[in-house]
1. If eta is 1.306 mPa s and T is 10 °C, what Stokes-Einstein diffusion coefficient results for the chain, Kirkwood Rh from Cα pairs, in µm²/s?
2. Give the order of Y10, Y162, Y98 when sorted by the count of other beta carbons within 10 angstrom, beginning with the fewest.
3. Please figure out what share of the DSSP beta bridges in the chain is antiparallel and state it in percent, rounded to the nearest 5.
4. Hey, with R₀ at 25 Å, roughly what FRET efficiency would M69 and E43 work out to, going by the Cβ-Cβ distance, to 0.05?
5. Hey, if you put +1 on the Cβ of every Lys and Arg and -1 on every Asp and Glu Cβ in the range 1-87, which of G22, A83, M69 ends up farthest toward the positive end of that dipole?
6. Over the range 3-104, what relative contact order in percent results from Cα pairs under 8 Å that are six or more residues apart?
7. Would you work out the charge dipole size for the chain about its Cα centre, treating the Cβ of every Lys and Arg as +1 and the Cβ of every Asp and Glu as -1, and quote it to the nearest 20 debye?
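Every number in this text was worked out from the coordinates using simple rules, so none of it is lab data. None of these values were measured; they are calculated from a predicted model. Cβ placement follows ideal geometry from the backbone for every residue including glycine, while neighbour counts extend to all protein chains displayed.
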Amino acid sequence: MSSRASAARYARALLDVVVKDGNPEQIEQELSAFAGLVERTPEMRKAFASPAVPTTAKRGILEQVIARMQLSKPLARLLLMLAEGERLALIADLAPTYSAALREHRGVVQAEVTTAAPMPPEQLTQFETRLAKATGRRVAMTTRVDPALIGGAVARVGSVVYDGSVARQLEKMKERLEKGR
């Protein structure tokens, strides 16, 4: 099983526990902060990933970090369980998969919108509303600018791509003209 699939199972289990008697958003912030700390600290990342470092040493490091960061009990229990099972290497994948599971639980879909030029805030709001109507869910939108699109926008919602770019329209026109020859 891939590390992403394993991380998704742990993230889902954590979310299930926290939804019942906790604050899922707080766990998301704590998990993100912890994963960021591990990412920014190469020594910790290497120690957690190395089979040469004894589990007791990893657990000791982890307990100190948990206490210092004042992580909530469900997250602390999960991290200690990962240490015991030599699965701390999953931390890099755990934070984004937990965030995705939380969005799904809340009925929110992630959309990445690429435009040829920056869009004004009111236009972004309208675009978000249209995507919400098209998907039937609330939308959390991130934006990028790519001048190669020439104009229009490309929205990626999960595995679905809505391509309304001028570049794509020109490409389609070229294909139709070439077929007509």
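1. The diffusion coefficient I find is 83 µm²/s.
2. Fewest to most other Cβ atoms nearby, the residues stand as Y162, Y10, Y98.
3. Rounded to the nearest five, the antiparallel share is 55 percent.
4. 0.90
5. Ranked along the dipole, the leading option is A83.
6. With pairs under 8 Å counted, the relative contact order is 53 percent.
7. I would put it at about 420 debye.
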